[in-house]
1. Within segment 373-388, track down each residue that is open to solvent by less than 10 Å² (accessible area, probe 1.4 Å), more than 13 Å from the ligand (Cβ to nearest atom) and either free of Cβ contacts under 8 Å to residues at least 40 places away in the same chain or not in a loop (DSSP other than H, G, I, E, B) (or both).
2. So which helices (runs of 4 or more DSSP H) are wholly in segment 177-274 and hold at least 1 residues that are touching a residue at least 40 places away in the same chain (Cβ under 8 Å) and either of a type in the set (Phe, Trp, Tyr) or closer than 28 Å to Thr294 by Cβ (or both)?
3. Criterion first (of a type in the set (D, E, K, R), at pLDDT 95 or above and open to solvent by 40 Å² or more (accessible area, probe 1.4 Å)) does Asp104 satisfy it?
4. I'd like to know if segment 238-254 contains one or more residues that are modelled with pLDDT of 95 or more, more than 16 Å from the ligand (Cβ to nearest atom) and more than 19 Å from the chain's Cα centre (by Cα).
5. Please go through segment 109-133 and pick out each residue that is touching a helix residue (DSSP H, G or I) at 6+ places or on another chain (Cβ under 7 Å), within 16 Å of the ligand (Cβ to nearest atom) and open to solvent by 20 Å² or more (accessible area, probe 1.4 Å).
6. For segment 32-49, what are the residues that are buried (at least 20 other Cβ atoms within 10 Å of the Cβ) and within 16 Å of the ligand (Cβ to nearest atom)?
7. Which one is farthest from the chain's Cα centre (by Cα) among residues in segment 213-227 that are open to solvent by less than 10 Å² (accessible area, probe 1.4 Å) and away from the ligand (no atom under 16 Å from the Cβ)?
8. From the residues in segment 64-108 that are more than 15 Å from Ala288 (Cα to Cα) and polar (S, T, N, Q), which one is farthest from the ligand (Cβ to nearest atom)?
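The values are calculated or read from the model by the stated rules, or taken from the named source; none is laboratory data. Fair warning: this is a prediction, and the values are worked out from it, not measured in the lab. For neighbour counting, all protein chains shown are included, and Cβ atoms are generated from backbone atoms with ideal geometry for every residue, glycine included. Note: areas computed on protein heavy atoms with side chains; ligands, DNA, RNA excluded. Shrake-Rupley method; radii C 1.70, N 1.55, O 1.52, S 1.80 Å.
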Amino acid sequence: MTTRTSTPTAATTDTAAPRHPALTASDPELAGLIGAEERLQADTLRLIPSENYVSAAVLEASGSVLQNKYSEGYPGKRYYEGQQVIDRVETLAIRRAQALFGMDHANVQPYSGSPANLAAYLAFLQPGDTVLGMSLPMGGHLTHGWDVSATGRWFRGVRYGVRRDTGRIDLDEVRDLARAERPRLIFCGGTAVPRTIDFAGFAEIARETGAVLVADIAHIAGLIAGGAHPSPAGHADVVSTTTHKTLRGPRGAMLLSTAEHARAIDRAVFPGLQGGPHNQTTAAIAAALGEAATAGFCSYAHQVVANARTLAEELTARGFDLVSGGTDNHLLLIDLTDKDVSGKVAAKALDRAGIVVNYNTVPYDPRKPFDPSGIRIGTPALTSRGVPASAMSTVATWITAVVEAARAGDEAAIAKVRGEVKDLMDAHPAPGLPVS
Ligand code: DSN
């Protein structure tokens with residue numbers, strides 16, 4: 001046990017072992033904070049659908065000496081020498097991405113999802129051109145042409161939503177908008193879409209109207225890789241994804257495309273938008289893609305969906321209103337309007353109970369985005385811990401109790417759930433974490 005020299009704080013007192021010995025010696029305050037985050041991730045039921053636990057192997061790759069190297073350019077065509085190893089690492093990541101997602105071309109350099117999407121604009125659009133994407137409060141992403149994003153300020157954003165009666169995307173609306181507005185780019189996919197994305201349907205509309213179709217699969221990449229969601233390959237011209245959500249890799253992104261668009265995509269990422277790639281992230285992406293090609297990952301992907309469906313059933317049985325009535329994937333969007341509690345109040349109460357979610361707008365939300373009507377939850381992280389479908393009834397019971405406690409101001413009930421959550425988490429250690 002390493003003795004810390006800094007003044008103990010709440011964040012530094014609960015780390016038991018020197019997991020990061022060098023950092024603990026040189027900067028005990030920071031080491032303590034990292035230890036506290038490890039403890040938090042170990043002890044809480046993390047239901048944010050875009051979060052996960054990476055493996056120890058992915059953590060090692062992302063913390064490797066590859067971060068010491070500059071590599072502007074692409075394998076075989078760099079602006080710096082000394083690329084004997086880096087070229088092989090990036091080529092490995094590219095090959096694995098192509099094989100896993102069945103696309104002609106892969107660029108593994110985007111720093112994260114927003115730069116990846118911005119690269120798609122740079123590849124195909126001029127400022128002022130029209131982009132058709134899903135409205136942010138309906139489940140889309142900022143970078144799909146929403147006003148406050150550069151993509152909505154520098155381009156003309158036109159939006160589709162979901163039907164009020166079904167909570168689902170209406171492809172007739174998408175087609176009508178595409179015919180009327182003639183976008184250069186159409187985005188499908190989003191951040192709060194609990195239903196299967198009809199890539200073939202979107203592709204037909206894009207082809208008819210002469211648009212480039214970008215499938216943003218950031219949320220569902222792991223499900224697609226594991227065969228638990230249909231693939232955009234053969235439908236989308238470009239596929240954009242982060243690597244750290246259901247795919248269970250490091251914080252990073254990839255752009256995949258048909259051969260026709262390979263050059264435009266590569267030039268947009270570098271030199272169009274970015275400088276040197278983050279080689280340690282590239283290595284960790286390669287590690288994650290290697291893991292995602294295994295039978296065990298397929299089981300995980302299907303279990304994510306099975307857990308989400310079971311949780312949806314359990315919540316519905318307890319009177320919760322789920323947008324679209326349920327889920328086909330990893331994500332559930334709960335409309336709390338009839339619970340007399342806002343999404344923010346519920347999310348903060350759940351956090352006090354050790355259940356980590358995010359508050360979220362629901363379609364046609366009358367409330368503001370900073371205090372919306374819903375919460376968004378998902379099952380990737382708990383599935384990575386091996387929490388089975390049979391536990392979803394308990395999870396639903398906890399959510400029910402905490403939402404009621406939030407309404408009634410019953411902190412004792414919230415504290416009781418926190419203890420029970422800790423017991424479940426202790427029984428299912430998280431990958432990559434030293435503490436549990
Ligand atoms: N922030 C991501 C999410 O939570 O869905 C989207 O970029």
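1. Scanning segment 373-388 gives Ser373, Gly374, Leu382.
2. Working: elements: 199-209, 221-225, 262-267.
Hits in segment 177-274: 221-225, 262-267.
3. Working: of a type in the set (D, E, K, R): yes; at pLDDT 95 or above: yes; open to solvent by 40 Å² or more (accessible area, probe 1.4 Å): yes.
Yes: the conditions hold for Asp104.
4. In the first step, residues of segment 238-254 are kept if they are modelled with pLDDT of 95 or more; the result is 238-254.
Add one more test, that the residue is more than 16 Å from the ligand (Cβ to nearest atom), and what stays is 238.
Still in the running and more than 19 Å from the chain's Cα centre (by Cα): none.
Within segment 238-254, not a single residue is modelled with pLDDT of 95 or more, more than 16 Å from the ligand (Cβ to nearest atom) and more than 19 Å from the chain's Cα centre (by Cα).
5. Within segment 109-133, Ser114, Pro115, Leu118 meet the criteria.
6. Once the filter is applied, which keeps residues that are buried (at least 20 other Cβ atoms within 10 Å of the Cβ) and within 16 Å of the ligand (Cβ to nearest atom), segment 32-49 yields Arg46, Leu47, Pro49.
7. For segment 213-227, the residue satisfying everything is Leu213.
8. Only one residue fits best here, namely Gln84.
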